[in-house]
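Worksheet: the structure to be examined is printed underneath.
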Amino acid sequence: MTKHRLTLEHCLPKGRLTPYFEALARGKALAERCGSCGRVQFPPGGICGDCNATELAWTELSGAADVIFRTDTPDRAFTLVRFEGARNSAVVAVANPDVLSSRGRLATSPANAQGLTIELVDEGNRHA
Amino acid sequence: MTVCVAGGAMTPFNRRKDGSSWRDWCRDAFAGALADAGLERSAVDALVVASESDFFTLQLNPASMVADTLGLLGCRSCRVEGGGASGHLAVHAGMAMVLSGQSRRVAVVGVEASATHLDGRTVGVLLSHSFDSWTDGFTGTGSTSIYALSVMAFMERTKATANDLARVAVRNRQNARANPNAHLPLDIREEDVAASPLVSSPYRRLDCSPLSDGAACVILGRPEDLPATGRGRVRISGTGAANDRARLGDRSDPGRFRAKEAAARRALAAAGITADAIGVAEVYDSYSGAQLQALEALGLASDVVADERSGRFARRGDLPVNLSGGLLGQGAPVGATGVAQVLVTAQQLLGSFPGLNPRSGPRCGLVDSHGGIATNCAVSILELQ
């Protein structure tokens, strides 16, 4: 048995989605609005999920989100949520998994973690 | 034109602790397939290698290395990748080579070292990039959490329960007990599933397929290019493939496997049969609930939950599913998984599978695989000639 250690430090340009990731770092939800059919999608994908148009304009959402489904791991929670104003939904990490709530708000992602995170609105319900 | 499975072989799927290498596994599977098909190495004129990730083997350009390892020189060779469907899509690619006349006898070798070359946590991190790495991957959303969110949508719509999922996990592990190559042949009950550690609700450890090491090989060719073996032959009578949106949230119903529906329709149409002609199936059960979601999408049940509860998918049922144990029981070395699914289905139709064979002697079998969360789907129909 031979042991090898491989350390990778990726530098990943985000191209056309750069404004979205920059907004995300500030805790802002920047969505795409289709110039052809008007669909608003968050997270964006660079192509309209309804009509495949590529003429898309940036539009800012409130960042509020409704929880559709939630799954809990031993130490984390992830939800499928729909951000207010968006047609599609998104899989997001939960910043405060001890809170049980059907509402949340986009949270600033931890440093270098570019994915989506929400903070659930604390309505007094706690995970058992 | 007809393309047949000339022969095949697989290594045991397990967590290797014997010091053997992934190259050894490829060599063993290929040698077994040649012997099974009654062919010499020199008869093979093309190689398709299926492997999901170079991170596991630390070998880029694996097709060239596998060809060299197998002593295949001067051959057409390439690698096919499609996540969990890699092996199955490689079979489709090999079939296309035969159908196009590019090759006469194609060896399809699937391999993955998912279990022992890296620690489990690292493998989990890598596999989380099987979805959208810019969203799911960077938040650390693992495969199980994404499948969990999907099955919750399925359960809400169909009223399937955690016990329905557990029954699948139990039955596939029980089926695997007769399979000498199976990774997890377990004598368990539904209560064992419920008592196993939580991974991502509602999924518990025994609802999840294992990370396995192993390789599998099938050799494809036209009947006129293959030696007589004195036994029946199985042909691939139809194939279909289709993709879905990569992000679960971009789908209109996150609990429904739409791409699998399309792939199955195409495969059945190509074979000129309807779903009720299928007498045995190997279905992609990466998770217990995913098997029910797949059976629904494949059109193999009008009410999948009622059929599951009635025992229709058990060995004595109308449509035995995953007699090999499936991914849950036989195991899942990703690149090898789909190749093995095709192999064991062919063997089940011939009645030669070294585990449970269908009791009714069906003529047609269905093989189903996918990558991502039913994002890249492959379906094949196998038929006794």
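Among the listed residues B:T2, B:T69, B:T57, B:T11, which satisfies the condition of being among the β-branched types (V, I, T) and within 14 Å of chain A (Cβ to nearest Cβ)? Outline the logic, then answer.
On the way: B:T2 fails: within 14 Å of chain A (Cβ to nearest Cβ); B:T69 fails: within 14 Å of chain A (Cβ to nearest Cβ); B:T11 fails: within 14 Å of chain A (Cβ to nearest Cβ).
Only one candidate qualifies: B:T57.
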query = Within the group B:A43, B:A29, which residue is among the aliphatic types (A, V, I, L, M) and within 19 Å of the chain's Cα centre (by Cα)?
reply = B:A29
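Considering only the stretch A:83-110, how many residues are more than 10 Å from every other protein chain (Cβ to nearest Cβ) and in a loop (DSSP other than H, G, I, E, B)?
Just the residues of the stretch A:83-110 that are more than 10 Å from every other protein chain (Cβ to nearest Cβ), to begin with: A:84-85, A:95-108.
Subset that is in a loop (DSSP other than H, G, I, E, B): A:84-85, A:95-98, A:100-102, A:107-108.
The number of residues fulfilling the criteria is 11.
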inquiry  = So, A:E60, is that one away from chain B (no Cβ under 14 Å), of a type in the set (D, E, K, R) and either free of Cβ contacts under 8 Å to residues at least 12 places away in the same chain or surrounded by 20 or more Cβ atoms within 10 Å (Cβ to Cβ) (or both) or not?
reply    = no
query = Could you give every pair whose Cβ atoms fall below 6 Å, whose first residue belongs to the stretch B:215-233 and is among the acidic types (D, E), and whose second residue is surrounded by 14 or more Cβ atoms within 10 Å (Cβ to Cβ) and assigned to a loop (DSSP other than H, G, I, E, B), counting only separations of at least 6 or pairs across chains?
reply = B:D225/B:R104
inquiry  = Tell me the residue from A:L80, A:L24, A:L30 that is part of a strand (DSSP E or B), more than 9 Å from chain B (Cβ to nearest Cβ) and among the hydrophobic types (A, V, I, L, M, F, W, C), please.
reply    = A:L30
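Look at A:D66 and say whether it is over 23 Å from A:G38 (Cβ atoms) and surrounded by fewer than 17 Cβ atoms within 10 Å (Cβ to Cβ).
On the way: over 23 Å from A:G38 (Cβ atoms): no; surrounded by fewer than 17 Cβ atoms within 10 Å (Cβ to Cβ): yes.
The answer is no for A:D66.
B:T122: among the polar types (S, T, N, Q), surrounded by fewer than 23 Cβ atoms within 10 Å (Cβ to Cβ), free of Cβ contacts under 8 Å to residues at least 12 places away in the same chain and within 11 Å of chain A (Cβ to nearest Cβ), yes or no?
Details: among the polar types (S, T, N, Q): yes; surrounded by fewer than 23 Cβ atoms within 10 Å (Cβ to Cβ): yes; free of Cβ contacts under 8 Å to residues at least 12 places away in the same chain: yes; within 11 Å of chain A (Cβ to nearest Cβ): yes.
Answer is yes for this residue.
Taking helices (runs of 4 or more DSSP H) that fall entirely within the stretch B:143-213, which contain at least 3 residues that are crowded, with 23+ Cβ neighbours inside 10 Å? Let's see the steps before the verdict.
Numbers: elements: B:143-158, B:162-176, B:190-195.
Filter on the stretch B:143-213 gives B:143-158, B:162-176.
Filter the stretch A:36-50 down to the residues that are without any contact (Cβ under 8 Å) to a residue 24 or more places away in the chain and either surrounded by fewer than 13 Cβ atoms within 10 Å (Cβ to Cβ) or within 12 Å of chain B (Cβ to nearest Cβ) (or both) and list them by number. Outline the logic, then answer.
Initially, the stretch A:36-50 is screened for residues without any contact (Cβ under 8 Å) to a residue 24 or more places away in the chain, giving A:36-38, A:45, A:47-48.
A:G38, A:G45, A:I47, A:C48 - these are the residues of the stretch A:36-50 that are without any contact (Cβ under 8 Å) to a residue 24 or more places away in the chain and either surrounded by fewer than 13 Cβ atoms within 10 Å (Cβ to Cβ) or within 12 Å of chain B (Cβ to nearest Cβ) (or both).
Within the stretch B:139-164, how many residues are facing chain A (nearest Cβ under 10 Å) and touching a strand residue (DSSP E or B) at 6+ places or on another chain (Cβ under 9 Å)?
So in the stretch B:139-164, the residues facing chain A (nearest Cβ under 10 Å) come out as B:139-142, B:144-153, B:155-156.
Now drop any that are not touching a strand residue (DSSP E or B) at 6+ places or on another chain (Cβ under 9 Å), which leaves B:139-142, B:144-153, B:156.
Count: 15.
Going by what's in this entry, would B:G279 be described as in contact with a helix residue (DSSP H, G or I) (Cβ under 6 Å, 6 or more places away or on another chain) and at pLDDT 95 or above?
So B:G279 does not fit the description; no.
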task = Return the total of residues in the stretch B:86-117 being within 17 Å of B:F13 (Cβ to Cβ) and not in a helix (DSSP H, G or I).
result = 10
task = Any chance you could count how many residues in the stretch A:1-50 are more than 16 Å from the chain's Cα centre (by Cα) and not small (G, A, S)?
result = 21
ask   = Taking the stretch B:276-318 only, how many residues are under 16 Å from B:A378 (Cα atoms) and surrounded by fewer than 19 Cβ atoms within 10 Å (Cβ to Cβ)?
value = 1
query = Condition test on B:V168, is it in contact with a helix residue (DSSP H, G or I) (Cβ under 6 Å, 6 or more places away or on another chain), at pLDDT 95 or above and within 11 Å of chain A (Cβ to nearest Cβ)?
reply = no
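Would a scan of the stretch B:208-215 turn up a residue that is more than 18 Å from the chain's Cα centre (by Cα) and not β-branched (V, I, T)? Write out each step before concluding.
From the stretch B:208-215, those more than 18 Å from the chain's Cα centre (by Cα) are none; that's our starting set.
No: the stretch B:208-215 contains no residue that is more than 18 Å from the chain's Cα centre (by Cα) and not β-branched (V, I, T).
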key: Lone unmet requirement of (1) under 22 Å from B:G255 (Cα atoms); (2) of a type in the set (V, I, T); (3) in contact (Cβ under 8 Å) with a residue 12 or more places away in the chain for A:V99   = (1)
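The values are calculated or read from the model by the stated rules, or taken from the named source; none is laboratory data. What you see is a predicted model, and the numbers here were worked out from it, not measured in a lab. With ideal geometry, Cβ positions are generated from the backbone for all residues, glycine too; neighbour counts draw on all protein chains shown.
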